[in-house]
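Encoded as structure tokens, the structure appears first; notes follow it.
The values are calculated or read from the model by the stated rules, or taken from the named source; none is laboratory data. The model shown is predicted, which means the values in this text are computed figures rather than measured ones. For neighbour counting, all protein chains shown are included, and Cβ atoms are generated from backbone atoms with ideal geometry for every residue, glycine included.
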Amino acid sequence: MFRPIRLQHVSIKHRPLVSTFCTSNRRPLLFGPGPANPYPRTLLAMSRDTLGHLHPSFIPVMNSVKKELQRVFQTSNKVTFPLSATGSGAMEASLVNLLEPGESVAIVCHGYWGDRITNMALRQNLKPIRIEGPWGKVIPVDKIAKIIKQQKPHALFVVHGESSTGICQPLHELKDICGDTLLIADTVVTLGGMPVFTDKWRLDVVYSGSQKCLSCTPGLSLISFSERAMDKIRKRKTAISSFYFDVLELHKYWGDDKIYHHTAAINNIYALDETLKHINTVGLPTMWCQHKDVAEYFYQQLNLLKLQPLVPNVKDRLLPLTTVRIPDGINGKAVQRDLVNNHGIEIAGGLGQLAGKVWRIGFMGSNATRENVDIFMEAFGDVLNKHGFNNNYINDRMCI
Ligand SMILES: Cc1ncc(COP(=O)(O)O)c(C=O)c1O
């Protein structure tokens, strides 16, 4: 007689959850540029009962998220909240709110994200002033200062962690050169994994994504506006061209008024609240040290494998994410496919002019452990051998 299978009787090996996405039986390991694996408590929080966006029991969650976000962004900015959109939505929100058509924005361009911001700025009839440099190199502050001094743009846009090249463009030195120019910072890859001090560094608009070093589920971004930014926004002569991203409207929901704007991403916000509480309990300095330690350990292991990071200078590197040069004659995509299909490990290839030239490998948030580096390197060494990059990684590691 046919007996239906009850899920609790099925061993973890046979549950479809993982094997739907990859042929390995292990939990998927997300070692690319994000999303990273969420914390188990984050995933559990997602499954709580959904509430309405103005339900009395949801209001304390909103208040908690705002408070925890201020801690993570290191700010006392009142206008700090999540957006129902990914990091790209926050990118657009920063431009569309802060700047009016015809105004200028200087953009630090040395990777894929600088190009994307330029594209967004042009669509909003802004005047982008590109401060260009080679991909994979930090742009010296003097060069930025010169352009700010000469052209006095309304805003300066800087990506803190260029995830296409693996560099970290310093933000701390910019407050001394900006003057009346407002400073917009993309911290999608750095928040939670490297120091970000919104108030101390005088960032006027700062945003991040939920799914990278915070290890929350994808789908939300986080944004914070300084009083100086809000002052400019309140004095605009033209309406903010996006209703969905209008910070003045959004603040009526996230601030004290609690007026409906759109249906909030309730379960994502539970997950965010849980994640931020976890991070603030562990402590940001601990998170930063963990990412640094794991990055340095990863560089050592890459060295054993005789692979080169794209960014030569260690102090310029983006700690949560490393771009690794693909050796001559190796098919980068085939290596990625083998890793995901046979080891359940996801990494990514290059973007834009670095497509086919680098892999992007990240140990972010909950994934930032030496144990994960070991798991990855063992699989990577093995896969590379199969694909013609002969190495003795396991033996070499035993010898040190
Ligand atoms: C530096 C940077 N900014 C913005 C984004 C866009 O974020 P999302 O993919 O969440 O829209 C990314 C995504 O990788 C990023 O690395």
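Tabulated data
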item: Neighbours by Cβ (under 7 Å, 6+ apart or cross-chain): first from segment 51-77, surrounded by 14 or more Cβ atoms within 10 Å (Cβ to Cβ) and modelled with pLDDT of 95 or more; second of a type in the set (Ser, Thr, Tyr) and part of a helix (DSSP H, G or I); result: Val61/Tyr270
item: Single condition Asn119 does not satisfy, out of (1) under 19 Å from the mean Cα position of the chain (by Cα); (2) within 13 Å of the ligand (Cβ to nearest atom); result: (1)
item: From the options Leu174, Leu203, Leu220, residue that is within 11 Å of the ligand (Cβ to nearest atom) and either at pLDDT 95 or above or of a type in the set (Phe, Trp, Tyr) (or both); result: Leu220
item: Filter pass, Arg48 being modelled with pLDDT of 95 or more, surrounded by 10 or more Cβ atoms within 10 Å (Cβ to Cβ) and not in a helix (DSSP H, G or I); result: yes
item: Residue in segment 21-34 that is polar (S, T, N, Q) and either at pLDDT 95 or above or buried (at least 19 other Cβ atoms within 10 Å of the Cβ) (or both) present; result: no
item: Test: Gly161 is modelled with pLDDT of 95 or more, in contact with a Cys (Cβ under 7 Å, 6 or more places away or on another chain) and of a type in the set (Gly, Ala, Ser); result: yes
item: Single unsatisfied condition, Ile129 versus (1) crowded, with 18+ Cβ neighbours inside 10 Å; (2) part of a helix (DSSP H, G or I); result: (2)
item: Members of segment 85-116 found to be over 19 Å from the mean Cα position of the chain (by Cα) and either in contact (Cβ under 8 Å) with a residue 60 or more places away in the chain or surrounded by 23 or more Cβ atoms within 10 Å (Cβ to Cβ) (or both), listed by number; result: Val96, Asn97, Leu98, Leu99, Glu100, Pro101, Val105, Ala106
item: Inter-residue pairs, beta-carbon under 7 Å, first more than 14 Å from Leu319 (Cα to Cα) and in segment 276-299, second outside any helix (DSSP H, G or I), 6+ apart; result: His278/Tyr39; Ile279/Gly192; Ile279/Leu214
item: Hey, Ala45 within 16 Å of the ligand (Cβ to nearest atom) and aliphatic (A, V, I, L, M) or not; result: no
item: Selection count where residues are hydrophobic (A, V, I, L, M, F, W, C) and surrounded by fewer than 22 Cβ atoms within 10 Å (Cβ to Cβ), scope segment 312-323; result: 1
item: Residues of segment 141-173 classified as among the small types (Gly, Ala, Ser) and out of contact with any strand residue (DSSP E or B) (no Cβ under 7 Å at 6 or more places or on another chain), total; result: 2
item: Search result, residues across segment 80-116 that are over 21 Å from Asp199 (Cα atoms), within 12 Å of the ligand (Cβ to nearest atom) and of a type in the set (Ser, Thr, Tyr); result: Thr86, Ser88, Tyr112
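Here's the yes/no breakdown for (1) of a type in the set (Val, Ile, Thr); (2) closer than 24 Å to Leu191 by Cβ; (3) touching a residue at least 12 places away in the same chain (Cβ under 8 Å):
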position	(1), (2), (3)
Ala121	no, yes, yes
Lys127	no, no, yes
Trp135	no, yes, yes
Val138	yes, yes, yes
Lys146	no, no, no
His160	no, yes, yes
